[in-house]
Amino acid sequence: MSSLHTIQNQFADHIRNPDMNAPVEGLEDKRLNVYRELFFNNVLGFLETGFPVLKSLFEEERWKKLARTFFSEHECRSPYFVDISKEFVEFLSNEYQKLGDEPIFMEELAHYEWIELALSIRKQENNIECWDGESPVSSIILSELAELLSYQYPVHQISPDFQPQESQKTTYLVVHRNTEDEVNFTEVNDITAHLLHQVKTNEKVLVSSLIEDMCDAMPQISKDQVAAGATQIIQQMLVAQILLPA
């Protein structure tokens, strides 16, 4: 007689991939089909909600086939439904072998769509003290509710009508959640990305040291111009609550 653990594993294997795994002996197929459809449709629903742009690039059957491959082949580490989107991103990035006609940028697009959910549910460890718009700021930190991202494709512009076939330049985006719990995306240039990276790699940065670093990074431009530009960027990022007074 098979142990309960063995029966449970056989049942789970069949539900995930009924074409490759035989059902538990003695269970009525009509009843099993309820479970097969329930589990898969739940996962499919989470993927369709979490990745609407990516889904729009596939025909319905191709999308379901991709979802089925994820459902049957990927071993999720988290038992929580909210983490399904994260698991799907990891599956596309580390396990899935794209077919020749599938979007070359699909891993990056999936990550871009997932990060909005990730920031919307991220727990805040410290209270946010935003800039009041007037007080002088001597040191700054990157908000724990902000992420600096870089992509090889302009993922924020992709749609059924715009699907780039090759990378042109690095796209820098900042995704951030404000005090009203709104998640926003901001495209930034190389200079702003460099500034934010310097802040990100340190727990706290003196504004004066950051401006000096920016001057060193751009010796071809006068220090006054760099300082003025960096100050403007810092103020804009403080207003957007991407940067915070330390």
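Going by how many other Cβ atoms sit within 10 Å of their own, how do Leu243, Leu66 line up, fewest first?
The order, fewest Cβ neighbours first, is Leu66, Leu243.
Tabulate in residue order the Karplus-calculated ³J(HN,Hα) for the range 232-246, using 6.51 cos²θ - 1.76 cosθ + 1.60 with θ = phi - 60°, rounded to whole Hz; enter x for Gly and Pro.
With the stated coefficients, the range 232-246 comes to 5, 4, 4, 5, 4, 5, 5, 4, 6, 6, 7, 9, 10, x, 8 Hz.
For the range 196-202, take each phi angle, set θ = phi - 60°, evaluate the Karplus expression 6.51 cos²θ - 1.76 cosθ + 1.60, and give the result in whole Hz per residue in order, putting x for glycine and proline.
Result, ordered by residue: 5, 5, 4, 5, 4, 7, 10 Hz.
Relative to the longest principal axis of the chain, what angle (0 to 90°, nearest 10) does the C-alpha long axis of helix 207-217 take?
Rounded to the nearest ten degrees, it is 90.
The list (i) 51; (ii) 39; (iii) 32 gives values of percent of Cα pairs over 27 Å apart, and only one came from this structure; which label was calculated from it?
So the structure-derived entry is (i).
For the chain, give the magnitude of the charge dipole about the Cα centre (Cβ charges: +1 Lys/Arg, -1 Asp/Glu; no others), in debye to the nearest 20.
Using only the charged Cβ atoms, the result is roughly 340 debye.
Could you pull out every one of the lysines with an alpha carbon less than 24 Å from that of Lys204, ignoring same-chain neighbours closer than 8 positions?
Once the sequence-local lysines are set aside, what remains near Lys204 is Lys123, Lys223.
Quick one: net charge around Gln235, please, counting Lys, Arg +1 and Asp, Glu -1 for every other residue with C-beta under 13 Å from its C-beta.
-2
Give me the percent relative contact order of the range 24-137, please, defined on Cα pairs under 8 angstrom at least 6 residues apart.
Relative contact order for the range 24-137 comes out at 28 percent.
Using a Förster distance of 30 angstrom, determine the FRET efficiency expected from the C-beta separation of Thr179 and Asn202, and round it to 0.05.
For R0 = 30 Å, the calculated efficiency reads 0.80.
With an 8 Å Cα cut-off and a minimum separation of 6 or more residues, compute the relative contact order for the chain in percent.
It comes to 18 percent, rounded to a whole number.
State, to one decimal in nm, how far the label point of Glu212 lies from the label point of Gln236, with both points 7 Å from Cα in the Cβ direction.
2.6
Let me check I've understood the local charge: for Phe46, count other residues with C-beta under 13 angstrom from its C-beta, Lys and Arg +1, Asp and Glu -1. What total comes out?
So the surrounding residues net to -2.
At a Förster distance of 51 Å, what's the computed FRET efficiency of Val137 paired with Thr6, Cβ-Cβ distance as r, to 0.05?
Result of the calculation: an efficiency of 0.25.
Between helix 106-121 and the chain, what is the angle of the helix's C-alpha long axis to the longest principal axis, kept within 0 to 90° and rounded to the nearest 10?
80
Read-outs throughout are calculated quantities, based only on the coordinates presented, and are distinct from any laboratory measurement. Being a predicted model, the structure only gives us computed values, none of them experimental. Note that each Cβ is placed from the backbone with ideal geometry, even for glycine, and that neighbours are counted across all protein chains shown.
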